[in-house]
Amino acid sequence: MESLMPFRFSFRSFFAATFLLTVGFSFVCAARAVEPFEAFLKTHCIRCHGPEKEKGDLRIDQLSRDFKLGADAHHWGEVIEQVNSGEMPPKKDKEKKPTQEEMAAFVTNLDARLKEGRAARMAARPAVAHYRLSRKEYQNTVYDLLGVRYDPAKPGELNEDNLWHGFERIGSELSLSPSHVDRYYRAAEQVLDRAFPAATSEARKVHMTAADLRYNGGKDQQAALDRFGIKRPLRYLMFPGTVQPALSTNWFGKTGPEHSGLYKLRIQASGTRPPDGQIAHLSIGTRTGEETVDGMIEFDITAPEDKPQVYEFQVFLEMPATLHFCVVATDVVDRRAGAAFRNALASRGGYIFTHSSETLLLNPNAPQMFDDKGNGLFSTVLLDWIEWEGPLVSETEKSRRKDVVPPDDATTEVVAEHLQRFAERAWRRPVKQEELAEFLKSYRDEREAGEKLVDAYRVALQGVLTSRHFIYIVEGDPVARERLTDSELATRLSYLLWSSMPDSALFAAAKSGKLNGDSLKKEVDRMLADGKASRFIDDFARQWLQLNRVGMFPPDKKLYPVYDAWLEESMRSEPVEFFREMFSKNMPIDGFIESDWTMANARLCDFYGMPEPKSGGFERVSLKPGDHRGGLLTMGAVLGLTSDGTRHRPVHRGVWLSEVVLGKPPPPPPANVPAIEPNPPTSPKATLRDKLEAHREDANCAACHAKIDPLGLAWDNYDAIGQWRTREKVAAGVGEDPLINPAGAMPDGRAFKDANDFKQRLLEDRDKLGRAFIEHLCTYALRRAIAFDDQDDLNAIQAEAKKNNYRIKDIVRAVALSDLMKKR
Amino acid sequence: MNIQTQSWLLNRRHTLKALGSFISLPMLECMVPLRASEKAVESPKRSAFIYLANGVHSLNYQITSSGKDYQFSRSLQPLEKHRDAITPISGLHHPGALGHHHNCISVWLTGAKIGPSDRNTISVDQKMAEMTAPHTRYPSMEVALTQGSLAWTADGVQLPALRRCSEIFASLFEEPKGGKMAQRRALRRKASVLDANLAEVRQLEKKMGAEDKGRMEQYLTSVREAEIRTRRADAWLDTPLPTISEADRKRTNRDIAKTMAGDYFRTVYDLMVLAFQTDVTRVATFSLGGEGDAFSIPEIGITESRHQLSHHGGDAGYMEKLTNYDTFAIEQFSYFLTRLSETKDLNGKALLGSTMSLFGSGMCYGHSHGNANLPLVLAGGSDLGLKHGSHLDFNKEAKDFGGYSLGADGALTTAHYQVCSRPVNTDAHMSNLLLLMAQRMGVETDTFGDSNKVIAL
């Protein structure tokens, strides 16, 4: 192994997988003389920070080179910072001043060592390792364990997970404070309340017609229709810019928390879309403002006026609940601009609606919502009826909590057995009776104090659900070992592929020692085929692509008037749906970079300027070259998440691409970067690229930026929300908006002329793309940073993946079946 | 019920024996009955921290004259009436936040370094709360109108924030659900569950010896602390909740739409005054909004988010709106100071004297993320020895500083942005100010964060 190292490092380029390589201690000693940064230190630093002089109390020659231990990591960080910012070596030292390239090479080299060290520290496992469940995993686990729906992301519930490069489940990042403990306790209380409610309630159903909702029963309006001989029924015309009740507390009669649960919502509706306008979009949720709701349910209404459609959803409701409809469109019937207009439409008795062709007849004096050809002037929703039914409990859900609570007359032994059975599922491993002694003691204390069995037993269940064995994935024993046990492996697999606990079949396989060879393959294939694998698609795609950043800096409404909440939500879904399609069709990895199709809904097609899709939801649509789309990199989400709401940010785009696609984050920028001042109104308009290039004349910035920037500048034809453009809009300045120049060169010199060309250059590096993807997948699976020790295992996975032409599902399978998965 | 309580106590003793004396110390302390009337002699010391995201429009914010006779800048004008009770401070920065854009909010009160393997450290409010917690019903209050709170634990974990006024009110003053007995029973069940979990993890700890325990250690300390808090809450059940007048309740126990920013800000300030006045807590942090999506303020014609305005790109309209926003936020802070000066403490003196408030941002020049020359105003706390009335300017103490860059019209020029991006005075750490506040609160320490000396005031 050792003899191979210098070979590996001599081939290190900017794109080599430096992020991953961890220098083992023995290697550090052996290779010290060949580390390129040492030569730089010797020439430029040691004279003043060495045995002869000790300026600033710093002796660089004595700093620890054991980057894995990281004892002097902050000093080394300071060294990088000083060189990076041009403070060191001092300027007066003229004859020995290093060149830009030497400084960049030094910083890159030293930074790579530091990163390896950090990764190794993050990957370090104590004998017993604890990896906390993310909120999503907690949610899935309580559902699979007890059939209980609980949303930890609601305000006041579990704390947000700390992200590491987008990943939500990195053990070293997920920490715990006393307030977390309190929240886990409360969460467990809620989960148990829902699993074992004091009073059960039957499902109820309520059906409200347009007449009920809009016309107070509609007797008078119906009389009017009869007078005109109109046969069509009353409809509820909903327009953008208002909110209307979609569920009121009194609709079901007396309603309390005991009625919380899963509800089925059915709506019959159609919509109008103005020529050149947007498809009507309906949001249903809790009211957040005069014109807004938080979108619990979101959908586009593509059904035309004459062919209404029944839309069906399932949603968890905390009762008593009040929900509102909100028609979302950028063009709203605005309160400020047209109060009279709005009031007329919203007045209870006044405005009657049946069909666009009959509005003028029925409402001769009201403001018109349709032109003479029957086209809507606004995006509107025409509602026929709405129906709520619930709470619904499925047999599967019920079966999960069956036999959890012992019968009223159970002996202490029977109670202990019940608790043991429950703990084995909750803790995802065999549990010994004595491990539960403390919880049983709490139970007995409660019993002795006169509590009923059910109530006393709750304390024990509560203990199991707040135990570290439940809220963490625990791997290892006090005596360190390298391999996972079968139940640990089962847990790791199920949290990889299902984001949740193992099911009974997987438990059984682990228990009977069958998680190896062909039966492991069979098990993994079964898991990949299970509907729960959908959770992997949602969770991994979101985390890998750092989609949490979408909309983090909301785009300027003045600069980007077409951007709205529904577009953002649709953008966020596109890469996930794309991943789903790639995964389910088991397509090769190249599709992530370039494809002649994407997954889009009506709103996105509208945004991208493509024909409206047939269904309301996401579907596969084909792309033509003129669409300027294809692969992940030209999606609105990706182009937007790297922008800051006002401008596109080429440097951020370059950094994102390096991290996510190439698996290699660049060195950090120096602190203390001088401010970029806005373009003065009197000078010619300049692109951001021009300004960046001016910035790069600063010797200290140039070398690193020369490597990062081209990766981002290639996408300059896309603005801050991902719209295609050929000129960059500059707010202030003289002359025309400048033309875009997306050309550039890869850090290794291969030239590209635009984004499409750039994609081709990326595809030429297929093995690097595959490697980066595998590394991200393993980080996700192992819940830790990848370190140098993992290289051999990663090579084996890559060989297997390559054999299968880097097909996505095959890669996931290769990771699941790898030796790496079986190691701690 | 009585019987049950006693059985629980008996159970407690058993557990205590099993756990050794480690836990009994803080428990004994927390079991001491704590009544507001017993500590009415001396005014409690209090601190509040208020965060304004994305910096300010520094050309209209910066005060350029120093000392006692300084001239208020346009945005700071609303504080003129509190001149004797405030100290505007210029030229401080957090070295760890330089070049870290919007992450500056996460180290504003901690002074930690930011980096992929750097963990945040304890925030100064929590350092203070460690000391005040045994004396108040709640250790601290965290409010953030959007995004996360300003408070971080010693493990570098961010504390969750409250947002809605009704929620804040309930967290401070609401009667326990189902009455005292039911509450006590629930707390004791909780203590018993936490006890059981502690005992389980301690057994493993014993087996593991001295080697690295990683996350287990954190679980243990967190559960133990949660358990101590449960017991404190239990002890506090015997102390009646403070009475809140009907008028105060009406004003503060309600939800305000985010489109009414002024009302919202003032009501949170009212809640802070109420919390201090009733001594429910002595430490509060209040983020007016996160770096990404602080409110717009339609009532003064600002429909853009604050982040958006801060990236003004030199647009005159945006710069004007940003200045108006700054002034508006400072005006609400001025309201807070007025309320503190009008509200009487336990001993009849004004709350303002016993309450230190720090208002400011972790950024100065938002357009290009300049994290130096932080806009900061320290107010109140004269009973704790703070001497106000001057503009404290650390830029002017730097020997290389050639004075503020003023144009012919006497206004600051865009060259001032450099001062807001690169520290003029590299020794002027904001942690020095946080250290001063910690010491005045009575925290016995010579350092905080990356402090290099304490600010004299």
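The values are calculated or read from the model by the stated rules, or taken from the named source; none is laboratory data. It should be emphasised that the depicted structure is a prediction, and the values quoted were computed from it without experimental measurement. For neighbour counting, all protein chains shown are included, and Cβ atoms are generated from backbone atoms with ideal geometry for every residue, glycine included.
Flag not set for A:GLU435, criterion: without any contact (Cβ under 8 Å) to a residue 40 or more places away in the chain and not in a helix (DSSP H, G or I). For region A:475-485, state whether one or more residues are more than 18 Å from B:GLU227 (Cβ to Cβ), outside any loop (DSSP other than H, G, I, E, B) and at the interface with chain B (Cβ under 9 Å from one of its Cβ atoms). There is no residue in region A:475-485 that is more than 18 Å from B:GLU227 (Cβ to Cβ), outside any loop (DSSP other than H, G, I, E, B) and at the interface with chain B (Cβ under 9 Å from one of its Cβ atoms). The single residue among A:MET599, A:MET582 that is assigned to a strand (DSSP E or B) and buried (at least 21 other Cβ atoms within 10 Å of the Cβ) turns out to be A:MET599.
Rundown of residues vs (1) modelled with pLDDT under 90; (2) under 27 Å from A:ALA119 (Cα atoms); (3) out of contact with any helix residue (DSSP H, G or I) (no Cβ under 6 Å at 6 or more places or on another chain); (4) of a type outside the set (Asp, Glu), yes/no style:
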residue	(1), (2), (3), (4)
A:PRO669	yes, yes, yes, yes
A:ALA675	yes, no, no, yes
A:ASP698	yes, no, yes, no
A:VAL734	yes, no, yes, yes
A:ASN741	no, no, yes, yes
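Tell me yes or no: at least one residue of region A:86-108 is within 13 Å of chain B (Cβ to nearest Cβ), surrounded by fewer than 21 Cβ atoms within 10 Å (Cβ to Cβ) and not aliphatic (A, V, I, L, M). Yes, there is a match, as at least one residue in region A:86-108 is within 13 Å of chain B (Cβ to nearest Cβ), surrounded by fewer than 21 Cβ atoms within 10 Å (Cβ to Cβ) and not aliphatic (A, V, I, L, M). When each of A:ALA73, A:ALA39 is tested for being small (Gly, Ala, Ser), closer than 23 Å to A:PRO667 by Cα, surrounded by 19 or more Cβ atoms within 10 Å (Cβ to Cβ) and at pLDDT 50 or above, the lone residue that passes is A:ALA73. Among residues of region A:418-431 that are touching a residue at least 40 places away in the same chain (Cβ under 8 Å), those with a Cβ under 7 angstrom from a residue that is buried (at least 22 other Cβ atoms within 10 Å of the Cβ) and outside any helix (DSSP H, G or I), sequence gap 6+ or separate chain, pair up as A:ARG428/A:MET501; A:ARG428/A:PRO502. Of everything in region A:302-320 that is assigned to a loop (DSSP other than H, G, I, E, B) and not charged (D, E, K, R), the residue that is nearest to A:ALA269 (Cα to Cα) is A:PRO308. Checked against the criterion of being within 14 Å of another protein chain (Cβ to nearest Cβ) and either part of a helix (DSSP H, G or I) or at pLDDT 90 or above (or both), the candidates B:GLN439, B:GLN418 yield just one match: B:GLN418. Across region A:125-158, the qualifying residues are those that are of a type in the set (Val, Ile, Thr) and farther than 28 Å from A:ALA785 by Cβ, and the one among them that is nearest to the other protein chains (Cβ to nearest Cβ) is A:VAL142.
Within region B:289-332, the set of residues being among the aliphatic types (A, V, I, L, M) and more than 9 Å from every other protein chain (Cβ to nearest Cβ) comprises B:ALA294, B:ILE297, B:ILE300, B:ILE302, B:LEU309, B:MET319, B:LEU322, B:ALA329, B:ILE330. With a requirement of 1 or more residues that are among the basic types (Lys, Arg), the helices (runs of 4 or more DSSP H) lying completely within region B:294-360 that satisfy it span B:306-310, B:316-342. Scanning region A:715-747 for residues being within 17 Å of A:GLY626 (Cα to Cα) and outside any loop (DSSP other than H, G, I, E, B) gives a total of 3. If we scan region A:200-217, do we find a residue that is on the phi < 0 side of the Ramachandran plot, surrounded by fewer than 20 Cβ atoms within 10 Å (Cβ to Cβ), assigned to a loop (DSSP other than H, G, I, E, B) and touching a strand residue (DSSP E or B) at 6+ places or on another chain (Cβ under 7 Å)? So far as region A:200-217 goes, yes, one or more of its residues are on the phi < 0 side of the Ramachandran plot, surrounded by fewer than 20 Cβ atoms within 10 Å (Cβ to Cβ), assigned to a loop (DSSP other than H, G, I, E, B) and touching a strand residue (DSSP E or B) at 6+ places or on another chain (Cβ under 7 Å).
When residues in region A:41-56 are screened for being farther than 18 Å from A:GLY86 by Cα and within 14 Å of chain B (Cβ to nearest Cβ), 0 of them pass.
Please go through region A:749-758 and pick out each residue that is in a loop (DSSP other than H, G, I, E, B) and either within 14 Å of another protein chain (Cβ to nearest Cβ) or closer than 20 Å to A:GLU594 by Cβ (or both).
Result: A:ARG750, A:LYS753, A:ASP754.
Here's a check for you: in region A:488-517, which residue that is surrounded by fewer than 21 Cβ atoms within 10 Å (Cβ to Cβ) and of a type in the set (S, T, N, Q) is nearest to the other protein chains (Cβ to nearest Cβ)? The extreme case among them is A:SER504. Looking across B:ILE256, B:ILE244, one residue alone is more than 14 Å from chain A (Cβ to nearest Cβ) and not in a helix (DSSP H, G or I). It is B:ILE244. Suppose we keep only residues that are at pLDDT 95 or above and within 14 Å of chain A (Cβ to nearest Cβ) within region B:72-95. Which one would you say is farthest from A:ILE170 (Cα to Cα)? Filtering first and then ranking leaves B:HIS93. For B:VAL280, the conditions (1) part of a helix (DSSP H, G or I); (2) modelled with pLDDT of 90 or more all hold with the exception of (1). Do we find a residue being assigned to a loop (DSSP other than H, G, I, E, B), out of contact with any Gly (no Cβ under 6 Å at 6 or more places or on another chain) and more than 14 Å from chain B (Cβ to nearest Cβ) anywhere in region A:284-301? Looking for residues that are assigned to a loop (DSSP other than H, G, I, E, B), out of contact with any Gly (no Cβ under 6 Å at 6 or more places or on another chain) and more than 14 Å from chain B (Cβ to nearest Cβ), one finds none in region A:284-301, hence no.
Kindly indicate whether any position in region A:546-562 is among the charged types (D, E, K, R), more than 14 Å from chain B (Cβ to nearest Cβ), over 17 Å from the mean Cα position of the chain (by Cα) and in a loop (DSSP other than H, G, I, E, B).
Among the residues of region A:546-562, not one is among the charged types (D, E, K, R), more than 14 Å from chain B (Cβ to nearest Cβ), over 17 Å from the mean Cα position of the chain (by Cα) and in a loop (DSSP other than H, G, I, E, B), which makes the answer no.
Just so you know, in region A:46-89 the residues that are within 35 Å of the chain's Cα centre (by Cα) and assigned to a loop (DSSP other than H, G, I, E, B) include one that is nearest to B:SER421 (Cα to Cα), and it is A:SER85. Confirm whether A:ASP161 is buried (at least 20 other Cβ atoms within 10 Å of the Cβ), closer than 30 Å to A:MET296 by Cβ and within 13 Å of chain B (Cβ to nearest Cβ). For A:ASP161, the condition - buried (at least 20 other Cβ atoms within 10 Å of the Cβ), closer than 30 Å to A:MET296 by Cβ and within 13 Å of chain B (Cβ to nearest Cβ) - is met.
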